[in-house]
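Note sheet for the following structure.
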Amino acid sequence: MNGMGKSSFIPAGEGRYSLARWATISPSFVELAPGEKTEVTLTLSLPNSEEARRAAWSILMVEQTAEKRSLDLPSPGSENVAFGIVPTFAFGVFLYQNPPNVSNNRVDITDFRLTSEEATGNVIDFKIENTGDGISYCTSYVELTNLTTGQERKLPVKQFTILPELIRDFKFTLPSDLSPGRYSAVGVLDFGHKEEIQAAELEFEIAPE
C-alpha cells in the first residue's frame, strides 16, 4: 500500500513488510464441482530475527483456471486471424500479521490545522502517520474550549487502524452553532502505547456574523 492506503502489486516478498516470503499455502491447486467446498492450510514460518518483530501483510490471490480449447483456424491463404478468449475470475484476500513483540510502536500527528471548505464549513484537518513497525489501533478526538467562557465541547471520536508507513487524514467538522469568540482546539491521539499519547493544539476565532 502507498501512504494513503491505495493497494498496488509488487513481486511477492520484495516489500519491506511483505508476508509472502514467510507464507505457504497447501494445497495450492484444488478442483471443485459446483457447490462443493474444501479447505486449504495457510502456514506462516517466521524467523527468529529482528525483521520478524514488525507487522507484515500480503494479498492471497485466488484465481480460477480453465483449460485452453482448440481454435477453428482460418483456411490457408485467408487474411482472417483466429484468437480465443477464456473468461475466468479472481479475488484477493488480505493477510495481516502483527507480532506481540513489535520493537517500534509509534504513531505521530503530522498536521493539525483549521481550514474552511465550501461544502462543510470550518473543519479541523487531523493528519496521522504510522512511523513505527506495528499495526496500530487508534482513537482520536478533538476538544474545543471557549477561551472566554471556559465552555468545553468534544467532537465525535474516530477509531481506526493504521499500518506502518501509512497516513490517515481525518476531518473534524466544527459545530455550526459555536458562539463567536476565541477557541482552543486540542487534538488527542491514543495509539495503544502503554506510556504515551500524542496531542496537538491550535487557537482560532469565530467571528460574529
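The values are calculated or read from the model by the stated rules, or taken from the named source; none is laboratory data. Note that the structure is a prediction, hence the values are computed from the model and not measured. All Cβ positions, glycine included, derive from the backbone under ideal geometry; neighbour counts span all protein chains shown.
Residues that are within 30 Å of residue 202 (Cα to Cα) and exposed (fewer than 13 other Cβ atoms within 10 Å of the Cβ) do not occur anywhere in the stretch 77-100. Within the stretch 120-133, can one find any residue that is under 21 Å from residue 7 (Cα atoms), within 26 Å of the chain's Cα centre (by Cα) and surrounded by fewer than 19 Cβ atoms within 10 Å (Cβ to Cβ)? Yes.
Summed over the stretch 144-191, residues that are under 30 Å from residue 6 (Cβ atoms) and either outside any loop (DSSP other than H, G, I, E, B) or among the aliphatic types (A, V, I, L, M) (or both) total 22. For the stretch 116-126, the condition holds for at least one residue, the condition being that it is at pLDDT below 90, among the aliphatic types (A, V, I, L, M) and either under 24 Å from residue 208 (Cβ atoms) or not in a loop (DSSP other than H, G, I, E, B) (or both). Are any of the residues in the stretch 171-189 closer than 20 Å to residue 106 by Cβ and among the basic types (Lys, Arg)? Looking for residues that are closer than 20 Å to residue 106 by Cβ and among the basic types (Lys, Arg), one finds none in the stretch 171-189, hence no. Would the stretch 165-179 turn up any residue that is closer than 13 Å to residue 114 by Cβ, surrounded by 18 or more Cβ atoms within 10 Å (Cβ to Cβ) and either within 21 Å of the chain's Cα centre (by Cα) or not β-branched (Val, Ile, Thr) (or both)? Checked against the condition, which is being closer than 13 Å to residue 114 by Cβ, surrounded by 18 or more Cβ atoms within 10 Å (Cβ to Cβ) and either within 21 Å of the chain's Cα centre (by Cα) or not β-branched (Val, Ile, Thr) (or both), the stretch 165-179 yields at least one hit.
Within the stretch 149-164, restricting attention to residues that are of a type in the set (S, T, N, Q) and loosely packed, with under 13 Cβ neighbours inside 10 Å, the residue that is farthest from residue 128 (Cα to Cα) is 149.
The criterion of at least 1 residues that are touching a Gly at 6+ places or on another chain (Cβ under 6 Å) is met by the following strands (runs of 3 or more DSSP E) wholly inside the stretch 1-68: 56-63.
Please verify whether residue 188 is at pLDDT 90 or above, out of contact with any helix residue (DSSP H, G or I) (no Cβ under 9 Å at 6 or more places or on another chain) and surrounded by fewer than 14 Cβ atoms within 10 Å (Cβ to Cβ), treating the condition exactly as stated. Spell out the reasoning first.
Details: at pLDDT 90 or above: yes; out of contact with any helix residue (DSSP H, G or I) (no Cβ under 9 Å at 6 or more places or on another chain): yes; surrounded by fewer than 14 Cβ atoms within 10 Å (Cβ to Cβ): no.
Here the answer is no, as residue 188 does not meet what is asked.
I'd like to check something: does the stretch 97-115 contain any residue that is within 30 Å of residue 172 (Cβ to Cβ), small (Gly, Ala, Ser), touching a residue at least 40 places away in the same chain (Cβ under 8 Å) and assigned to a loop (DSSP other than H, G, I, E, B)?
The answer is no, given that none of the residues of the stretch 97-115 is within 30 Å of residue 172 (Cβ to Cβ), small (Gly, Ala, Ser), touching a residue at least 40 places away in the same chain (Cβ under 8 Å) and assigned to a loop (DSSP other than H, G, I, E, B).
Just to be sure before I move on: is residue 38 over 27 Å from the mean Cα position of the chain (by Cα), among the β-branched types (Val, Ile, Thr), loosely packed, with under 10 Cβ neighbours inside 10 Å and at pLDDT 90 or above in the structure I sent? Criteria met by residue 38.
If the condition is being loosely packed, with under 10 Cβ neighbours inside 10 Å and within 26 Å of residue 8 (Cβ to Cβ), then the stretch 48-61 contributes no residue at all.
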